[in-house]
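Working notes, structure below.
The values are calculated or read from the model by the stated rules, or taken from the named source; none is laboratory data. Please read all numbers here as calculations on a predicted model, not as lab measurements. Neighbour counts run over all protein chains shown; Cβ positions are idealised from the backbone, glycine included.
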Amino acid sequence: MKVFSKSSDLRAFLDGVPAHTLGFVPTMGALHAGHLSLVARARKECATVVVSVFVNPTQFNDKNDLKSYPRTPEADIALLEGAGADAVFMPPVEEVYPEPDTRVFDFGQIDKVMEGAFRPGHFNGVAQVVSRLFDLVRPARAFFGEKDFQQIAVIRAMVARLGLPVEIVPCPIVRGEDGLALSSRNALLDAPHRAAAPRIYAALKEAVARREEMTPQELRQWVTERIDSDPMLETVYFDIVNADTMQPVESWDEPCGKQGCVAVQAGSVRLIDNICFE
């Protein structure tokens with residue numbers, strides 16, 4: 001496995017790789033089994049697999065969040081070598097952004113709700129870095145975890161808007177034994193909040209079981225109250241949305257895929273999760 005910090009060196013390594021065989025897994029590091037499942041999927045489906053490790057400053061609207069985001073580069077390299085990655089791209093900020101990226105993307109309403117409403121500029125920063133990494137790596141397929149469900153919708157919209165020849169491959173959420181979705185941010189939870197966090201997925205699962213009994217509006221309130229009954233947790237939002245447009249669903253009869261998406265504050269740590277309603 002090769003490790004690169006310069007895009008020119010990465011491109012030299014990839015020059016002999018047929019473009020249609022290249023798979024890419026973009027990450028922000030602090031890797032866990034969820035990330036490794038993406039690498040395993042890419043390894044299974046692509047002849048060459050590149051993984052990036054880059055904490056992107058443009059998607060953080062809270063500077064303290066950027067500062068505290070966990071960084072474990074040596075451990076990440078060891079995990080990726082064990083997972084069978086062919087190359088790891090770990091660039092400094094100036095390699096990804098030699099000039100300030102002033103692009104402003106318009107994704108309609110997809111990025112204006114849920115995470116977009118509570119984290120202004122977040123998805124514009126995601127689009128900036130992913131489009132830049134696609135330009136540097138030039139993959140045929142890129143693999144993303146469904147924990148960041150809205151992010152996948154934004155990236156698909158960005159790919160369509162820019163006409164990029166990349167297939168976006170969504171991959172299932174990986175969970176711990178207690179149901180908590182694996183996230184690099186979980187490492188920041190203290191013991192009481194970590195103990196409470198599995199209540200999030202438990203509430204989502206119970207909501208799916210109760211959909212025949214309640215309207216979407218009633219379930220929104222029920223899930224919020226269920227999570228907030230634990231003093232360690234505070235619901236930021238819970239919504240049931242059209243899985244393509246991210247817009248709220250008002251009736252179960254609407255002809256679309258439906259996804260329940262939640263964000264929860266657990267002390268100083270913000271956790272997100274989601275579940276399919278059909």
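Structure notes:
- Residues of segment 46-56 that are outside any strand (DSSP E or B) and closer than 15 Å to V17 by Cβ: C46, A47.
- Test: residue in segment 113-126 that is closer than 28 Å to A47 by Cβ, part of a helix (DSSP H, G or I) and of a type outside the set (F, W, Y): yes
- Residue within segment 59-77 that is hydrophobic (A, V, I, L, M, F, W, C), at pLDDT 95 or above and out of contact with any strand residue (DSSP E or B) (no Cβ under 8 Å at 6 or more places or on another chain) present: yes
- Test: H35 is in a helix (DSSP H, G or I), out of contact with any strand residue (DSSP E or B) (no Cβ under 7 Å at 6 or more places or on another chain), within 27 Å of A160 (Cβ to Cβ) and in contact (Cβ under 8 Å) with a residue 40 or more places away in the chain: no
- Residues within segment 187-201 that are within 22 Å of the chain's Cα centre (by Cα) and acidic (D, E), tallied: 0
- Qualifying positions in segment 208-239 - farther than 19 Å from R270 by Cα and part of a loop (DSSP other than H, G, I, E, B): R210, R211, E212, E213, M214, T215
Here is a yes/no grid of residues against (1) in a helix (DSSP H, G or I); (2) in contact (Cβ under 8 Å) with a residue 40 or more places away in the chain; (3) farther than 22 Å from D135 by Cα:
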| position | (1), (2), (3) |
| --- | --- |
| F13 | yes, yes, no |
| V25 | no, yes, no |
| R43 | yes, yes, no |
| T58 | yes, yes, no |
| N61 | no, yes, yes |
| A78 | yes, no, yes |
| A85 | no, yes, no |
| E94 | yes, no, no |
| V104 | no, no, no |
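- For A202, the stated conditions do not hold, so it cannot be described as farther than 23 Å from K112 by Cβ and surrounded by 20 or more Cβ atoms within 10 Å (Cβ to Cβ).
- Test: residue in segment 187-196 that is within 22 Å of Q259 (Cβ to Cβ) and in contact with a helix residue (DSSP H, G or I) (Cβ under 8 Å, 6 or more places away or on another chain): no
- Residues in segment 147-181 that are outside any strand (DSSP E or B), in contact (Cβ under 8 Å) with a residue 24 or more places away in the chain and surrounded by fewer than 18 Cβ atoms within 10 Å (Cβ to Cβ): R161, L162, P165, P172, G179.
- For segment 240-268, taking the residues that are in contact with a Ser or Thr (Cβ under 9 Å, 6 or more places away or on another chain) and surrounded by 15 or more Cβ atoms within 10 Å (Cβ to Cβ), the one that is farthest from S229 (Cα to Cα) is identified as W252.
- Output for segment 195-207, where each listed residue is among the basic types (K, R) and touching a residue at least 40 places away in the same chain (Cβ under 8 Å): K205
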